[in-house]
Amino acid sequence: MFSDTYDVGPIRPPSEAGSLLIRVSRNCPWNKCEFCHVYKETKFEKKSLDEIKKDIDAAAQLYGSGVSSISTAFLQDANAILMKTSELIEVIIYLKSRFPAVSRITTYGRAQTVARKTVSELKELKDAGLSRLHMGLESGYGPLLDYIRKGCSPEELIVSGRKAMDAGISLSEYIMPGLGGKTMSEGHAVETARVLNAIDPDFIRVRSCRVIPGTPLDEKTRRGEFIPLSDFETVEELRLLISNLEGITSEIVSDHILNLLQEVRGTLPKDKERMLAAMDDFLALPIHEKELFQVGTRLGWFGDLEDMRDNARRRRVEGILSGIREEIAAQGGGFTIDDVLREALKDRI
Ligand code: SF4
């Protein structure tokens, strides 16, 4: 993908929505994770330093006097840190010379790649200006990492995460509740907590699993080999995971629409009990109230549990829920509210 004047990749983390995007390599060198659709049908390509610098020049020209308003930058694509350390440092220094107001530069990094770098290399990157690494941990459960072909072990996740933290780079670890489906849910929750406890990242970012059409995980689901969790089961799993987080000071961030309970966010350990209580309150609701919240949230009427007190919105969602129930009954009950919502939201992932 190209903007009008320079090369821009397809995705960035939600927290980098306002950042300047500079693509230092194209696509994903691994490209095998079974839940991921982003770079399928593409090939990984390295870019030369010259090419990257030309993109930075083009971006600077495009922004003109607005260059001084750009304070954050994100280096794309899926594993920009794969670049030789000395070259990546040169990119960062050049980027800062053309965008002098940039004070935060971040990138994605695969665990295997980060684990291969030394702490002193990572420190050099940090000193040059690499402020934060976004890493897709997804799960700390070995059998699940194999099942979804993540291409790394729990130990590599710990080593890579610790190296980034020891180098002083701010670390965001992304976790995916629901990724183990019904059969691996407990192991996924408990082992992911164990790995996070060993890393103590700055941020734990929650992105609940949704099976994306066309992915290998979707094929496994159609064959009946993978059985997705319902929204409510995913909340139960996240509760188990958070209850097992001990001795760390990470901030749990919920910044993705796939998370049902956006109020499950806060800083450990002080907000742990509040987050657990929010999930307990939800799970203790009568089934009608849970379904009302589920439908209202998924369709954008509710932002949190408090919103269910708004009578106008509540009446609107009651009507939608009745319609869904009637449709399910008319079809003989062969599908669930989760199925209806999955279908309705399949283009919004
Ligand atoms: S999840 Fe990340 S590492 Fe895995 S295939 Fe997708 S982009 Fe590549």
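Here, each number is a calculation from the coordinates, and none is a lab measurement. Quick caveat, the model's predicted, so the values are computed rather than measured. Glycine also receives a Cβ, built like all others from the backbone with ideal geometry; neighbour counts cover every protein chain displayed.
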note = The summed charge of the Glu237 Cβ neighbourhood (under 13 Å; Lys/Arg +1, Asp/Glu -1) stands at -3
request  = Return the sequence-ordered ³J(HN,Hα) values of the range 67-83 in whole Hz as given by the Karplus equation 6.51 cos²θ - 1.76 cosθ + 1.60 applied to θ = phi - 60°, using x for Gly and Pro.
outcome  = 3, 6, 8, 8, 10, 9, 9, 10, 8, 9, 9, 6, 8, 4, 6, 5, 4
inquiry  = List the pairs from Lys32/Lys123; Lys117/Lys270; Lys53/Lys126; Lys54/Lys220 whose alpha-carbon separation is above 31 Å, in the order I gave them.
reply    = Lys117/Lys270; Lys54/Lys220
key: Per-residue HN-Hα couplings for the range 315-322 [Karplus 6.51, -1.76, 1.60; θ = phi - 60°; Hz; x = Gly/Pro]   = 4, 4, 6, 4, x, 5, 4, 4
inquiry  = Rounded, prolate or oblate, given the Cα gyration tensor of the chain, with a/c below 1.5 counting as rounded?
reply    = prolate
task = Calculate the spin-label point distance for Leu276 paired with Thr336, positioning each point 7 Å from the Cα along the beta-carbon direction, and give it in nanometres.
result = 2.6 nm
key: Per-pair calculated FRET efficiency, R0 = 41 Å: Leu49 and Lys346 via Cβ, rounded to 0.05   = 0.55
In the range 171-232, the trypsin sites (Lys or Arg not before Pro) that fall in loop regions by DSSP, at most 10 other Cβ within 10 Å = Arg223
key: Amide H contacts of Tyr174 (H built 1.01 Å from N, under 5 Å, at least 5 apart or other chain)   = Met135, Gly136, Leu137, Glu138, Arg205
task = Just need the relative contact order of the range 132-284 here, percent rounded to a whole number, with Cα pairs under 8 Å and 6+ apart.
result = 22 percent
request  = Please list, in chain and number order, the residues 5+ apart from Ile252 or on another chain whose amide H is under 5 Å from its amide H, with Hs placed from the backbone.
outcome  = Ile204, Gly266, Thr267, Leu268
query = Based on the Cβ-Cβ distance of Lys84 and His37, what FRET efficiency does E = 1/(1 + (r/R0)^6) give at R0 = 22 Å, to the nearest 0.05?
reply = 0.15
task = Using a cut-off of under 18 Å, list every residue of the range 238-259 whose amide N is near the label point 7 Å from the Cα of Ile11 along the Cα-to-beta-carbon line.
result = 253-259
task = Could you work out the local net charge near His288, counting Lys and Arg as +1, Asp and Glu as -1, over the other residues with Cβ closer than 13 Å to its Cβ?
result = 0
query = Rounded to the nearest 500, what is the chain's calculated 222 nm mean residue ellipticity when only DSSP H runs of at least 4 contribute -39500 (n - 2.57) each, over all residues?
reply = -13500 deg cm²/dmol
task = Report the Cys residues of the chain lacking a disulfide-compatible partner, meaning no second Cys Cβ under 4.7 Å from their Cβ.
result = Cys28, Cys152, Cys209
task = Along Cα→Cβ, 7 Å out, is where each label goes; now give me the distance between the ones at Ile93 and Ile320 in nm to one decimal.
result = 5.3 nm
task = Could you list the GluC sites (Glu not before Pro) in the range 89-166 that lie in coil according to DSSP, counting only those with at most 11 other Cβ atoms within 10 Å of their Cβ?
result = none
key: Choice from Thr106, Thr336, Thr297 with maximal GNM fluctuation in the chain (Cα, 10 Å cutoff)   = Thr336
query = What shape does the range 132-284 have by the C-alpha gyration tensor, where a ≥ b ≥ c are the square roots of the eigenvalues, rounded means a/c under 1.5, and otherwise prolate means a/b greater than b/c and oblate the rest?
reply = oblate
request  = Enumerate by residue number the GluC sites (Glu not before Pro) in the range 220-269 meeting two conditions: DSSP loop (anything except H, G, I, E, B), and at most 16 other Cβ atoms within 10 Å of the site's Cβ.
outcome  = Glu225, Glu246
request  = Just check the range 1-108 against the gyration tensor rule for me: Cα atoms, a ≥ b ≥ c as the square roots of the eigenvalues, rounded for a/c under 1.5, and otherwise prolate or oblate depending on whether a/b exceeds b/c.
outcome  = prolate
